[in-house]
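*Asks:* Just dropping this structure here.
The values are calculated or read from the model by the stated rules, or taken from the named source; none is laboratory data. The model shown is predicted, which means the values in this text are computed figures rather than measured ones. Don't worry about glycine lacking a Cβ; one is built from the backbone with ideal geometry, like all the others, and counts go over all protein chains shown.
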Amino acid sequence: MAPTALGDPGRPTQRPRHFESRRLLPAAAVAVFARLDDQTRLAAHMEKPSAMMGGGRMTYAFDANRGMAVGSLIHMGGSAFGLTMAVDEVVTERTPPYRKVWRTVGTPQLVIVGGYEMGIRIANAPGGCELTVWIDYWLPRGWLGALLGRLLGGFYARWCVGRMVADAATAFSSPTGAPSAA
């Protein structure tokens, strides 16, 4: 499956919406990247039922590279608010220990956001590193999806990237900067 354009071809002028979250972590960039390069750790918040997922959750299926190489495919499937969800992603950039980017391919079966591109940036900083997790997302197709996306997309994007950064901060909160047993 080859990467496709992120924007909706029917709305070529639509600009993506952007959100990011940052935090200084008391850990080396190489350790942070190693932990977050594992998509199941990075997006662990999606695998647990939560109010943000309407009691639903997502599961992962990977190709042989497990999302840890450019071109690697990741499939997420599950439910939210009783609706079936499915999305395929491809890793488009991976420069350990500083940057990783992945994007949707095909037509995602999502309600609040449509296609998206996400990534992590890690920069060395005094005492550790600075982690940034970001998302650029488009509204879903159709009038209902566009309406829900306008109303709730930003809230969901903030929650998602915020959880990724908070989970990383928790994992590296020990005084030595080593990951805790999470």
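*Asks:* Under 6 Å by Cβ, and 6 or more places apart or on different chains, what pairs join a residue from the stretch 86-108 that is at pLDDT 95 or above and among the hydrophobic types (A, V, I, L, M, F, W, C) with one that is surrounded by fewer than 18 Cβ atoms within 10 Å (Cβ to Cβ) and outside any strand (DSSP E or B)?
*Replies:* Val90/Pro3; Val91/Val70; Val105/Met1; Val105/Pro3; Val105/Thr4
*Asks:* So, one more: Would you confirm whether or not the stretch 137-155 contains a residue that is among the aliphatic types (A, V, I, L, M) and at pLDDT 95 or above?
*Replies:* no
*Asks:* When residues of the stretch 122-153 are filtered for being part of a loop (DSSP other than H, G, I, E, B), over 16 Å from Pro16 (Cβ atoms) and either touching a residue at least 40 places away in the same chain (Cβ under 8 Å) or of a type in the set (Gly, Ala, Ser) (or both), how many remain?
*Replies:* 2
*Asks:* If I ask for residues that are buried (at least 17 other Cβ atoms within 10 Å of the Cβ) and touching a Cys at 6+ places or on another chain (Cβ under 9 Å), which ones from the stretch 118-143 would you list?
*Replies:* Met118, Ile122, Val133, Ile135, listed by residue number.
*Asks:* Right, another one. How do the pairs read when you match residues in the stretch 35-51 that are without any contact (Cβ under 8 Å) to a residue 12 or more places away in the chain with residues anywhere that are surrounded by fewer than 14 Cβ atoms within 10 Å (Cβ to Cβ) and of a type in the set (Gly, Ala, Ser), using Cβ under 8 Å and keeping only pairs 6 or more apart or on different chains?
*Replies:* Matching pairs, first to second residue: Pro49/Gly55.
*Asks:* Related question: From the list Ala44, Ala28, exactly one residue is at pLDDT 95 or above and either crowded, with 19+ Cβ neighbours inside 10 Å or not charged (D, E, K, R) (or both). Which is it?
*Replies:* Unique residue meeting the criteria: Ala28.
*Asks:* Within the stretch 80-101, take every residue that is buried (at least 17 other Cβ atoms within 10 Å of the Cβ) and touching a helix residue (DSSP H, G or I) at 6+ places or on another chain (Cβ under 8 Å) and give me the one that is farthest from Gly56 (Cα to Cα).
*Replies:* Pro97
*Asks:* Still on this model: How about the stretch 50-121: which strands (runs of 3 or more DSSP E) wholly inside it have at least 3 residues that are more than 19 Å from Leu36 (Cβ to Cβ)?
*Replies:* Output list reads 73-80, 83-95, 99-109.
*Asks:* If I ask for residues that are of a type outside the set (A, V, I, L, M, F, W, C) and surrounded by 15 or more Cβ atoms within 10 Å (Cβ to Cβ), which ones from the stretch 144-172 would you list?
*Replies:* Gly145, Gly149, Gly153, Gly154, Tyr156, Gly162, Arg163, Asp167
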